[in-house]
Amino acid sequence: MTPRILFRDKKLSRTENDVLSLIISLALNKEYCYATNDYLKEYINSSDRTINYSLSKLKKLCYIIVKHESSKRRIYLNTEKIPTKVADEGAENCSNESANSCTHNINNNKYKKNKRNEIIPEWMKHPEMCVSIPLSEEEQKEMDELMKDYK
């Protein structure tokens, strides 16, 4: 998955875009990753030289920051240039301006007259309906008989 911000940067080649997309996917949890050049090379199906050039260019364009800690290379995302927060994290706080102006915000009474009354499924009203009950021997035999043609 390539972030939209990368589509706008015409300075990035397709390979550099792929390298950065891979780094982003690896670094989303911690904002850094330990990906080696060999790993990047094999995953993207590229050469050592291309990976080295791509990483250098990504550093130069300030998309990544490379640090060596405890004899391991860490590739950090520059969070000023690449947003790493998931949309759900922003949605948790419905007090921000964009959330309050959203017509789908459940806490936004401004648009209440335009909202439909939601239909709540019966199983949500009565969760006890979703209790698992084991099959009887007779039911199990019937089910096995029906399923034997599909095995």
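Here, each number is a calculation from the coordinates, and none is a lab measurement. Please read these numbers as outputs of a predicted model, since none were measured by experiment. All Cβ positions, glycine included, derive from the backbone under ideal geometry; neighbour counts span all protein chains shown.
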*Please give, to one decimal in nm, the separation of the simple spin-label points placed at Glu138 and Ser21, each 7 Å out from Cα toward the Cβ.*
5.7 nm
*Any idea how far apart Glu42 and Lys125 come out in nm if each label point goes 7 Å out from Cα toward Cβ?*
5.7 nm
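Kindly rank 15-26, 69-80 from highest to lowest mean number of other beta carbons found within 10 Å of each residue. Before the final figure, lay out each step's value.
Values: 15-26: 19.7, 69-80: 12.8.
Descending mean neighbour count gives 15-26, 69-80.
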*What does the charge count near Lys41 come to, summing +1 for each Lys or Arg and -1 for each Asp or Glu among other residues with Cβ under 14 Å from its Cβ?*
-4
_Net lengthening on full extension, Glu69/Ile5 (0.36 nm per residue, minus Cα-Cα)_ = 20.2 nm
_Equivalent ellipsoid semi-axes, segment 1-88, via Cα gyration tensor eigenvalues times 5, rooted, Å_ = 18, 17, 12
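Report the local net charge at Val66: Lys and Arg +1, Asp and Glu -1, summed over other residues whose C-beta lies under 10 Å from its C-beta.
Combined, the nearby Lys, Arg, Asp and Glu give +4.
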